[in-house]
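One structure is given below, encoded as structure tokens.
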């Protein structure tokens, strides 16, 4: 039997309750499912630091911190650590950790602030931070780009051992970038920020892939020579990252 679409179960008190419920379920199931919100391009003045993403996601951070407490504001300790490392590379004044686009990129939830992140960092014991830093030391001396003190606010990460570990890894990321630039292997962190990483851009963040379109920095010619800003790479979570320069 076909019921009229304007038939309301409440208008049929003579029907058995089971039949009324069946009508209700049939009508509910016929409704059009809500369409997910389409992804959209989002701009950020700090997207130039996406140049560090391929090297950052090659580090085995997920494996090294798999036993760490997951922060309430992020999917995993590894996700939050990557955000903190990029923030250290950007410098304390840049506040990359609070940038909405970078927070979405790393799955950091809503309005979580420095206090929540700092509390999580304090709960991680110094021995855990020390072990993390030592994994990337390989017995080598501190790289010349070492950030001392760590370029993160102390209200965000206050522990001496934690700051040393993050500073060492961030310095190596910047050093690795410098070594990819023809003739600029000894470039300072300030030079890299001012001439390459300072450019903004826009990002299209999806479940399967992320596209980042970078504005051209002062030394864009170096990006053209190195190919660092026009490449595809696989992120640690499986998503495809597509880096490209604006026309």
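The values are calculated or read from the model by the stated rules, or taken from the named source; none is laboratory data. All figures in this text were calculated on a predicted structure; none of them were measured in a lab. No Cβ is skipped: glycine too gets one built from the backbone with ideal geometry, and neighbour counts run over all protein chains shown.
Determine whether residue 69 is assigned to a loop (DSSP other than H, G, I, E, B) and either closer than 25 Å to residue 47 by Cβ or touching a helix residue (DSSP H, G or I) at 6+ places or on another chain (Cβ under 9 Å) (or both). Spell out how you get there, then give the answer.
On the way: assigned to a loop (DSSP other than H, G, I, E, B): yes; either closer than 25 Å to residue 47 by Cβ or touching a helix residue (DSSP H, G or I) at 6+ places or on another chain (Cβ under 9 Å) (or both): yes.
Against the criterion (assigned to a loop (DSSP other than H, G, I, E, B) and either closer than 25 Å to residue 47 by Cβ or touching a helix residue (DSSP H, G or I) at 6+ places or on another chain (Cβ under 9 Å) (or both)), residue 69 qualifies.
Read through the list (1) closer than 27 Å to residue 95 by Cβ; (2) over 14 Å from the mean Cα position of the chain (by Cα), then give the number of the only condition that residue 227 fails.
Here residue 227 meets the rest and fails (1).
From the set of residues in the range 98-119 that are over 9 Å from the mean Cα position of the chain (by Cα) and assigned to a helix (DSSP H, G or I), which is nearest to residue 211 (Cα to Cα)?
Filtering first and then ranking leaves 100.
Working only within the range 191-215, note down all residues that are part of a strand (DSSP E or B) and either within 17 Å of residue 45 (Cα to Cα) or in contact with a helix residue (DSSP H, G or I) (Cβ under 9 Å, 6 or more places away or on another chain) (or both).
201, 202, 203, 204, 205, 210, 211, 212, 213, 214
Tally up the residues in the range 179-190 that are part of a helix (DSSP H, G or I), touching a helix residue (DSSP H, G or I) at 6+ places or on another chain (Cβ under 8 Å) and either surrounded by fewer than 17 Cβ atoms within 10 Å (Cβ to Cβ) or at pLDDT 95 or above (or both), please. Reasoning before the result, please.
To start, the set of residues in the range 179-190 that are part of a helix (DSSP H, G or I) comprises 179, 189-190.
After this cut, where a residue has to be touching a helix residue (DSSP H, G or I) at 6+ places or on another chain (Cβ under 8 Å) as well, the list is 189.
Now drop any that are not either surrounded by fewer than 17 Cβ atoms within 10 Å (Cβ to Cβ) or at pLDDT 95 or above (or both), which leaves none.
Number of matching residues: 0.
Considering only the range 25-66, state which residues are part of a helix (DSSP H, G or I) and modelled with pLDDT under 95.
The answer is 25, 26, 27, 28, 29.
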